[in-house]
Structures are given as C-alpha cells and as structure tokens.
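Working notes, beginning with the structure itself.
The values are calculated or read from the model by the stated rules, or taken from the named source; none is laboratory data. Computed from a predicted structure; not experimentally measured. Every residue, glycine among them, receives a Cβ derived from its backbone with ideal geometry; neighbour counts consider all protein chains shown. Heads up: the accessible areas ignore ligands, DNA and RNA and are worked out on the full protein's heavy atoms, side chains in. Shrake-Rupley method; radii C 1.70, N 1.55, O 1.52, S 1.80 Å.
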Amino acid sequence: MVDLSTTIGGIPLSSCIYNASGPRTGSSAAMSKIAASSSGGVLAKSATVANQTGNDQPRTWHDENGSASLNSEGLPNNGIEYYIDPKTIAETMGDQSKPYMVSISGKCLNDNLLMLGQISDAINQNPSINIAAVELNLACPNIVGKPTIGYDFEQMEDVMKQVTSLPCFKGSKPLFRLGVKMPPYFDRPHFEQAAAILNKYKSVITYVASINTIGNALAVDYYAEMPVIRAKGGFAGLSGPAVKYTALANVKQMRELLDESIDVVGVGGVTSGKDAFEMILCGARAVQVGTCHWVEGPSCFDRMCNELTDIMKEKGYTSIDDFRGKLKEWSKEGAALSRSAKAAKKSSDKVAIEKKESENHSILAVLFAIIAVLLADKFNFVSL
Ligand code: RRO
C-alpha cells in the first residue's frame, strides 16, 4: 500500500499534493472543485484587506509550447472577510474534511497585521471556523510601485518581528498555523540571509513555501512588437515548467538552511507526479501546484497523485518519508545506474513500439482480407 499523506506545520494532509494560492482560488465555487479532488487541502487566493479587481487586462499569458506562463494579476480578490466567512468555507469544503487555508498579501505591514487580527477575531467569535493555516505572502511581484518584501531583508525582518509578536501566536495552542510564501533566490548569501531571518521566528513559523513566481519576466508579442502583458510595462511573474529547476534548488537550499522545526513546501513548475517526487527528494514535505492547476483544472490533482503513487510503487516506497530529503550526492555509480536504467527503458520502449506496430499490421491484414471478401462478393468474382 502506498501512502501519500503528510503533515505541514503539524497539519495533516491526506495527500502531499495540493493547490497553490493563485489560479482558480478566488471564489468558493472554484475552490469547491479543489476540495472535491485528490488535493490534500485547499488554499485560497492571497487576500487584501478590501476586495479589488487587480491590474488591467491582458494580464496573463501562456507560451504556446506550454513551457511557461506569465501573470500580472495584481491581486484580484474578494477581500479577507470573504475568505474567512463561514459561508465561503462551507461552500468551499462541502462535506470534505481536508484542511482549509487562507493566504494574505497586505499592501503594507499594517494591512497584514490587521488581517491576522481579523482572522483571529473571527475564530475567537466562532470557534467552529476551521482555518488550519494562514500563508503570509512575502513574494507578490506584481504590485505597481511596491518591491517584493522577501527581497528587502530589512523590511522582511520587520514584518516577521511584528507579525510573530501578535497575540494570536501566543499561548500553548495558536488559533492557526503560520506559513510564509517566499520569492525565489538565486545566490547562496541571499538564501542564508532569508533563512536566518525565518529561523529567528521559528517558534511561530511552521512552514515555508518556496517559490512564488520569478518576478519581472517579460514576453514580447513578435507581430505587434510590444509586451504581451499590459500592466507594469509588461513585467510579470514567470511560472510553469520553466521555473521548476529554480524551485527545486530553492527547496533544497531552504531545507538545508532552515531550522528543522520549519517544514518546506515545494512549489514552482510542478506538472507531474515525477516533479512532485523530485520536490520531495529535495526536502519538501508537501508540494503545491499553481500553473498546472490553472491550465489543466482540478483534475490535475487526481492525475498527479496517481502518477506519484505509481512511481512510489515502482521504487518500492510506501510513504513519502522513505525518500523525503534523501537526494543523493552525484557519484560515478549513480551515473552508471542511470545510464543502464535509461538504456533498459529505451529497449523496453522499442519492444513496446514493435509489438504495437506488429499488432497494427495484423489488424491491417485482417481489414484487407475483409475488404477483399466484400469486394469479391459485390463484383461476384467466382473462384475457379
Ligand atoms: O495576484 C498576483 O498578481 C500574484 C500574486 Br498575489 C502572487 O503572489 N504571485 C503572482 O505571481 N501573482
């Protein structure tokens, strides 16, 4: 039996694959489809204090070969009150008992403090409101005139200090777990600085989700000789398969540098069970899916869970703990093993293709025979 379950920040998830905040997470109608799928949990769109419509259209773009997407949504959302309203949560979750989580992305520190206060008040007033975690987004690249908080270490330190001092995180049992969504980093000193700040607040931060989109990417419309995206001069967040390798590296580096009490959730370019497997190998305790969910819809969770199950069966793993964080160092033995595995796969693929071709030939031969008999019958050929 293969078990895909995990925990993040102590929150149990029946499957280690669930949705990222962003696409298809703005309304209870969209989120209810995630809840009904194999997704391990439901995470809402990043909220601001008040509802807002976001940046001008066009604000999204998909490369026609499927390798990359861009967005400059500019935080369109229904406002925090909507995402913590018991009606929204009930409409979203239906009879599913998986965790419901919200994301906040305030325009300033005070907005984040205000929203955390609102979430705490809502739960205190109505303890049946079940919000397992709040993901604090320090990484939205698309706010006009605002830099990404996770790239400004002074600001990030201040945010973490003030957020973690809130009364809702005091006491033995906090009202909800706190996760932090990080931007991608590209240089070891930056990883070290970010992780050092997060580690300072390890008594409150339970997980880190890496990565948000790679900010300030640009796609050009060849015919019109202009950016494909309208807002911010066309600069937008890059996502999809193109960012997977940056995401894997961020997960690996964060896992190495963060205190072990802080879980790492891998996000960025995951489109298959194999991608999820690689994220977990690099140290992720769970994997979020954003762009693939956007493009494919919530059935992606069922597909990826099935694919990961098949991989684990093939490799003889029964739980994700069997391989989590166990990426090996490069070795000559490993390279030799990989070469022979690829050669074996190539030859078994060749055998499968030849078998298929021979089956097709047999089918064609039978069809020709049937056609010949029918023609003979129609034109009344008489055999001698
Ligand atoms: O809404 C957005 O433009 C957005 C957000 Br909040 C985010 O965190 N990351 C992103 O790529 N887009």
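In segment 1-105, which strands (runs of 3 or more DSSP E) lie fully inside it and hold 2 or more residues that are on the phi > 0 side of the Ramachandran plot and surrounded by fewer than 24 Cβ atoms within 10 Å (Cβ to Cβ)?
none
Check every one of the strands (runs of 3 or more DSSP E) wholly within segment 220-315 and list those with 2 or more residues that are touching a strand residue (DSSP E or B) at 6+ places or on another chain (Cβ under 9 Å), of a type outside the set (Ser, Thr, Tyr) and farther than 22 Å from Asn71 by Cα.
Result: 263-267.
Restricting the first residue to segment 154-165 and requiring it to be in the same structural domain as Ile104 (by TED's automatic domain parsing), which pairs with a second residue that is at pLDDT below 95 meet a Cβ separation below 6 Å and a spacing of at least six or different chains?
Between residues of segment 154-165 that are in the same structural domain as Ile104 (by TED's automatic domain parsing) and residues that are at pLDDT below 95, there is no close pair.
Out of all the residues in segment 52-100, which are among the hydrophobic types (A, V, I, L, M, F, W, C) and away from the ligand (no atom under 16 Å from the Cβ)?
Ile84, Ile89, Ala90, Met93
What are the pairs with Cβ atoms under 7 angstrom where one residue, in segment 42-58, is of a type in the set (Val, Ile, Thr) and the other, located anywhere, is assigned to a strand (DSSP E or B) and within 9 Å of the ligand (Cβ to nearest atom)? Sequence gap at least six, or different chains.
Thr48/Asn77
Working only within segment 108-147, note down all residues that are of a type outside the set (A, V, I, L, M, F, W, C), modelled with pLDDT of 95 or more and within 21 Å of Ser210 (Cβ to Cβ).
Asn112, Glu135, Asn137
Here is a check on your reading of the model: is Leu166 under 15 Å from Gly117 (Cα atoms), open to solvent by 20 Å² or more (accessible area, probe 1.4 Å) and away from the ligand (no atom under 11 Å from the Cβ)?
Here the answer is yes, as Leu166 does meet what is asked.
Taking Ala132, is it touching a residue at least 12 places away in the same chain (Cβ under 8 Å), within 15 Å of the ligand (Cβ to nearest atom) and aliphatic (A, V, I, L, M)?
No; evaluated as a whole, the condition is false for this residue.
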